[in-house]
Amino acid sequence: MNTEFIKGVIVPIITTIDEDEKIDEAKMRAQVDYVIDGGLQGILAFGSNGEFYQIEEDEMERGFQIIVDQAAGRVPVYFGIGAINTKKCVRLAKMAVKNGAKGVSILQPMFLKPNFNELFLHFKTIAEAVPETPVLLYNNPGRVGYTLGANLVEKLAHEVDNIVGMKDTSGDITQTEEFIRRNRDVGFKVFGGKDTLLYASLCIGAVGGVCTAGNFMPELIVDIYNKYVAGDIKGALEAQYKLNPVRLAMDVASFPVAAKDMAAMRGRDVGSPYLPNLSTPEGVSYDKMKKEMEKAGLI
């Protein structure tokens, strides 16, 4: 299985919607062009910042078709799966592959806390339903309440042929390093999942990052990666230092609205978040985000 394309900065693209909370096709196509023109190496549709948990399956399929069509092969497009139920995840994986996904990313089930064997069977079943498609695990303990363990990831990487990598959003650089170290013999590809740790993740062997910042400042986040792979280690670190204050300022807003807020500050028309979330109103939090973007020269 070819996995050479699995690298670089991948953006968990925001989902642009209209006033009826339907995917706005024109805005979605514009956002696809924006991130590709910004130099990013891949798109992840319906990740956490893509508000996957808000979208019905038929609307998700329509949105994915729009994204794949607009990308037109310029970068690989991955599909994010965040459902709890294994059968639903299988259904989504097959739908994504049918519509042109180059790979699928699977978040561990939220709300539940499955044991080792349950998690192994869950991921294995989904992966085996799309055997010709690369599958990435997605570890996000901050959102689901538990982490994927290194033993589980090692077993999946070594026993399920098309589970070829993962995104680790734990923020625990030792854990990220263990995912890499224990599976490097099978070419397992690990992406850092924290924008603020992209440089650090690359230093320990990550192949790139899945980075929210690509939605509104692609030129800054990709600069870290491009300088690092070109051997400009000092320049990559300085690029990370430039990005971090802006990325950290996002934390003052409620999840996941900050990416759309900051895109709007740069003049991007990306619409509102799904209810119950609201765009950040003017005030202390809004001013903090705007100030850091101004200091970085983004607005």
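Based on the Kirkwood radius over alpha-carbon pairs, what value in µm²/s does the Stokes-Einstein equation return for the translational diffusion coefficient of the chain at 10 °C and 1.306 mPa s?
83 µm²/s
Distance between the pseudo-spin-label points of Asn277 and Tyr241 (7 Å out from Cα toward the beta carbon): 3.2 nm. Here r is the Cβ-Cβ distance between Val229 and Asp58 and R0 is 51 Å; the resulting FRET efficiency, rounded to 0.05, is 0.80.
For Ile84, Ile6, write out the residues from largest to smallest accessible area, computed with a 1.4 angstrom probe and no ligands counted. Provide the component values of the computation, followed by the final result.
Working: Ile84 70, Ile6 0 Å².
Heavy-atom accessible area, descending, gives Ile84, Ile6.
A straight line joining the Cα centroids of the stretch 156-207 and the stretch 230-278 runs 23 Å.
Over all pairs of different C-alpha atoms, the stretch 223-262 has a mean inverse distance whose reciprocal, the Kirkwood radius, equals 11.2 Å. Charge tally around Leu243: other residues with Cβ under 13 Å, Lys/Arg +1 each, Asp/Glu -1 each, net 0. Summarising the overall dimensions of the stretch 91-148 from its C-alpha atoms, the Rg and Dmax are 11.9, 32 angstrom. Think of a 1.4 Å ball rolled over the protein heavy atoms: the stretch 155-282 then has 41 Å² of accessible area per residue.
Computed from label points 7 Å out along Cα-Cβ, the spacing between Arg182 and Asn2 is 3.2 nm.
Annotation: amide H of Ile17 within the under-5 Å range of Asp24, Ser272, sequence separation 5 or more or interchain, hydrogens built in the peptide plane. Sorted on the mean count of surrounding Cβ atoms within 10 Å across their residues, most packed first, peptides 12-22, 253-263, 123-133 read 253-263, 12-22, 123-133. As a fraction of the 1.4 Å probe accessible area of the chain, surface on carbon and sulfur atoms comes out at 50 percent. Counting only protein heavy atoms and a 1.4 Å probe, the stretch 6-135 has 41 square angstrom of accessible area per residue. Approximating the spin labels as points 7 Å out from Cα along Cα→Cβ, the Glu25-to-Tyr146 distance works out to 4.3 nm. Report the residue, chosen from Lys87, Lys167, Lys27, that carries the largest GNM mean-square fluctuation when the chain is represented by alpha-carbon nodes joined by springs under 10 Å. Between Lys87, Lys167, Lys27, it is Lys87 that shows the largest mean-square fluctuation. The figure for Asp168 is an accessible area of roughly 0 square angstrom, using a 1.4 Å probe on the protein chains alone. Distant-in-sequence amide contacts of Leu44, defined by a placed amide H-H separation under 5 Å and a gap of 5 or more residues or a different chain, comprise Val11, Ile13, Tyr78.
If Rh is defined by the Kirkwood formula over all Cα pairs and Rg also comes from Cα, what ratio Rg/Rh do you get for the stretch 169-221?
Over the Cα atoms of the stretch 169-221, Rg/Rh equals 1.00.
Radius of gyration over Kirkwood radius for the stretch 21-97, both on Cα atoms: the Rg/Rh ratio is 0.96. Direction-averaged projected area, Cα convex hull, the stretch 142-193: 3.4 nm², rounded to one decimal. Of all the Cα-Cα pairs you can form in the stretch 179-299, what percent are over 21 Å apart? Beyond 21 Å sits 43 percent of the P(r) for the stretch 179-299. Per-residue ellipticity at 222 nm, computed for the chain from helices alone with -39500 (n - 2.57) per DSSP H run of at least four residues, works out to -13500 deg cm²/dmol.
Once the convex hull of all Cα atoms in the stretch 1-61 is built, its volume per residue stands at 105 Å³.
Pairwise inverse Cα distances across the stretch 39-183, averaged and inverted, put the Kirkwood hydrodynamic radius at 15.4 Å.
The values are calculated or read from the model by the stated rules, or taken from the named source; none is laboratory data. Computed from a predicted structure; not experimentally measured. Glycine also receives a Cβ, built like all others from the backbone with ideal geometry; neighbour counts cover every protein chain displayed. Side chains are part of the model used for accessible areas, which takes the heavy atoms of the whole protein and leaves out ligands, DNA and RNA. Shrake-Rupley method; radii C 1.70, N 1.55, O 1.52, S 1.80 Å.
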